[in-house]
Amino acid sequence: MTISSKKSSRSCVHEDRISELPEEIIHQILHLLYYPREAARTSILSRTWHHLWQTYPFVQFSWYPTDKFQSFANATTMRLQRRQERAASPPLDTFSISFKYSSNNEKLLEELLSTASLLPTNDGCCSSSSSRSPLRIDFHCLPTFIYRLPDGAFFSCRRTKFLSLGGCDLTHYNSNRYNNIRLDSLEELRLVNCRITQQILQICLLPNTPKLETLHLNFSCNNGGLDSLDVSHPNLKTLGVHRFGGPKLHLHLTSAPLLHSIRRTSILT
């Protein structure tokens, strides 16, 4: 082998073809890694990957120690702010957060939700950023406390297809103020250990989710506010209602022509 051919073979070995891929493909590769953000920052896999975490469309955090929640919330908010500063950043695909809640952290959480464009405007209407809401939202407060969501949170997420809320209080929502907000793209809604009233569910949520196909309600006797449920939705196909403790939940199917799967569990005390 000549010297020139040896140099050519070395250049092929060190050629960074991954960096030439479109950002969307590299984002998907990062999403499959156990620690994608760290891999990107330290350029373990490619020399350009440490820049891509700023446009990474999957925001997923879990935080359990309540004593350091401020650092967690501030870091998450800063991450979102940096994404928004880049005009070319695509909308989020996933916004997933699970945490232990303390009342001392209420303002931090509200700031985080506002930065993620998950709150409505002051007049209760959909904000212009609602069209950039995440496709999938998982927002779960671990069962120690129930987190009282800011009024109207998540109601202006017009792009979202999957919404799962856990350990949240929605009983204070003003149904008259928000009945004009539509979750136009929502296909699946899951409420786990959430406090919600029949009025909020039937006046706000169900009428304003025209594409909803799957509804799951899972709550205990401590959640309260929902003793009966009238289901009326033209596109609903799957319904799951699971109640643990408390009086029996009265379920009425008023109008659901496409409904083909019902799963109901009641453990009474």
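Read-outs: derived from the displayed coordinates by stated rules, not from any lab. Since we're looking at a predicted model, the values are computed, not measured.
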Amide H proximity to residue 169 below 5 Å, modelled H, separation 5+ or other chain, gives 147, 148, 149, 195
In whole Hz, with x marking every Gly and Pro, tabulate ³J(HN,Hα) for the stretch 154-164 from phi via Karplus 6.51 cos²θ - 1.76 cosθ + 1.60, θ = phi - 60°.
-> 6, 7, 10, 8, 6, 8, 5, 9, 10, 10, 10
Residue 220 long-range amide H proximity, modeled H, under 5 Å | 193, 244
